[in-house]
Structure formats: C-alpha cells, structure tokens
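The block underneath contains the structure these notes are about, expressed in structure tokens.
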Amino acid sequence: MYRIAICDDSFEDIEFLKSIVKAWEKEREQNVSISTFNSSENFLFNYAEDKSFDILLLDIEMGNMDGVSLAKALRKDGCDIEVAFITGYPDFISDGYEVNALHYLMKPVKKEKLFSVLDKAAENLKKKDKHIIIPVDNENVKISLNKIQYIEVFSHKLLLVTEKGNYEVKMPLYEINKSLSGDFIKCHRSYIVNLNYVSKITKTEVILDSGKNLPLARNSAQEVLSAFVAYYKDR
C-alpha cells in the first residue's frame, strides 16, 4: 500500500488531484490510501504523530508557510518522503533541487504527467530500505523495516521479530506505527505483520514463509486479504 498525502489550500485542486490518484490506483492495480491537508501547518501537525506517508503532492503557494518551506522542514527532520511540487508558476523550480523533489507539476495538472510522477515515486520507494530507531537495553538500535517479520503487542511492550533475532522494547504501539511503511498491516489486536513475509492467508490465520501462524481477527480479514493481494500484484 502507498500512503499518499495531498497538501493544497484549494479544495477544488485537492479533489482534482484525488481523482487522478484514484485513477492511477485503478489503472496500475495498486493499493492507495489518500490523506488531504489544506495547509503546510496542518500537514506538519499530523506529521508529528504520523511519519508513515510515502508520497507528498505539495502545492507551493499556500498561506503562511509555503510548500518549499514545508519540504525543507521535512528534509531537515530526516524525512525521505517522495515529494512532487505542484504550482501555477515556474519561478520555484530551482528550489526543488535543495529538497530532492521528484518533479514540478504545473497547474492545471495533466493526468499523464501525474501518472508518470507516481510511477517514478513507486519505483523509488521499492528501492528504499527504511530504518527505525528503537531503545534496547539503554541503547538506540537501528533496525531495517524490511527485516521485521511481525510485531507482537503486549500491554506495555512490543516484540519485534526479525530475520536475525527478536527485540523487546518498552514503547506504545502508536509510537512505532508512525514509522512503519505501507508493507505492514494489523491482522489482530496483538499482531502487526509485514506482508513481505506472508505466504498464505486463511479465514482465521496469517501464515508466514517461516511457517509461523499469526491469528487473523474476523473484522480485519477482508482488509488484510485485500492488502495481501494488492501487495503481490505488482511483484
């Protein structure tokens, strides 16, 4: 699944971009989650709690904080989200190099142009190996998200099961959720699984390549199955 954010102070432009993104989702047979924000400040407020967005379609000319300033703030924080600027003026193009922007799209945005940008973003995301920092025995340890098979949730602890070993950490679920990519999905109130390690899904279980069986909640079954099918369609 790709989590795409659209940040624009024009409701009409947001709805127009959403329609193109949904068309891309359907034609490319992807699985997309779209969130919208009407200002840079609104996006930053949400970003403080949720850093898991993959792609940002960002208007430049907005209120107090313009899109370029937002992108610079994100990069300063270490955020490697795929950013595509959207503008009615070509004057800001040079600023894109500073923040490693994917592309500048001129308004009105053309469907084929945005499709091309989303294709490029998706390709870049496949190549990335994201990491998270977790506290383990009074040390901060960097773990590759790609290596996490699943996360088991206890009352006040999390167990991260990886290819090379397990890590037990004292942190709330919402905290680690902010860093997880779209490859992860909650299959049960006590389990979050990395779709890359799933080999089969039954009515009641998620079965991993390792042979490990995780419980599948009835009310999550359809969402998990849909995510699983979408995940492997493009592979």
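Nothing in this text is a laboratory measurement; each read-out follows from the coordinates by a stated rule. Model, not experiment: these values are computed from the prediction. All Cβ positions, even for glycine, are placed from backbone atoms using ideal geometry, and neighbour counts span all protein chains on display.
Compute the helix-to-body angle for 11-27: its Cα long axis versus the longest principal axis of the chain, expressed 0 to 90° and rounded to tens.
The helix 11-27 is inclined about 50 degrees to the chain.
Just order 178-188, 144-154 by mean Cβ neighbour count inside 10 Å, highest at the front, would you?
178-188, 144-154
Compute the separation of the alpha-carbon centres of the stretch 1-69 and the stretch 189-235 and state it in Å as a whole number.
28 Å
Note the angle between two axes, namely the Cα long axis of helix 67-76 and the longest principal axis of the Cα atoms of the chain, as a number of degrees from 0 to 90, rounded to the nearest 10.
So the inclination is approximately 40 degrees.
Counting Lys and Arg as +1 and Asp and Glu as -1, each charge on the Cβ, what is the dipole of the stretch 2-127 about the Cα centre in debye, to the nearest 20?
440 debye
Using Cβ contacts closer than 10 Å as the measure, can you line up His156, His103 from fewest to most? If you can, show how the numbers build up before the last one.
Numbers: His156 8, His103 17.
Least to most surrounded, the residues fall as His156, His103.
Whose amide H sits under 5 Å from the amide H of Val32, counting only residues 5 or more places off or on another chain, with H placed in the peptide plane?
Tyr2
Kindly identify the stretch 2-127 as rounded, prolate or oblate by the Cα gyration tensor criterion: order the square roots of the eigenvalues as a ≥ b ≥ c, call it rounded if a/c is under 1.5, otherwise compare a/b with b/c, prolate if a/b is larger, else oblate.
rounded
If you line up the long axis of helix 111-127 against the longest principal axis of the chain, both from Cα atoms, how many degrees apart are they, to the nearest 10?
Roughly 40 degrees between the two axes.
Taking the highest mean first, how do the peptides 108-117, 54-63 order by number of other beta carbon atoms within 10 angstrom per residue?
Ranking, from highest mean packing down: 54-63, 108-117.
From Cα pairs below 8 angstrom and at least 6 apart in sequence, can you work out the relative contact order of the chain, rounded to a whole percent? Don't skip to the answer; put the middle values down first.
Numbers: 387 pairs, mean separation 36.8, N = 235.
In percent, rounded to a whole number, it is 16.
Take each of the peptides 65-73, 167-175, average the number of other beta-carbon atoms within 10 Å over its residues, and list them starting from the highest.
65-73, 167-175
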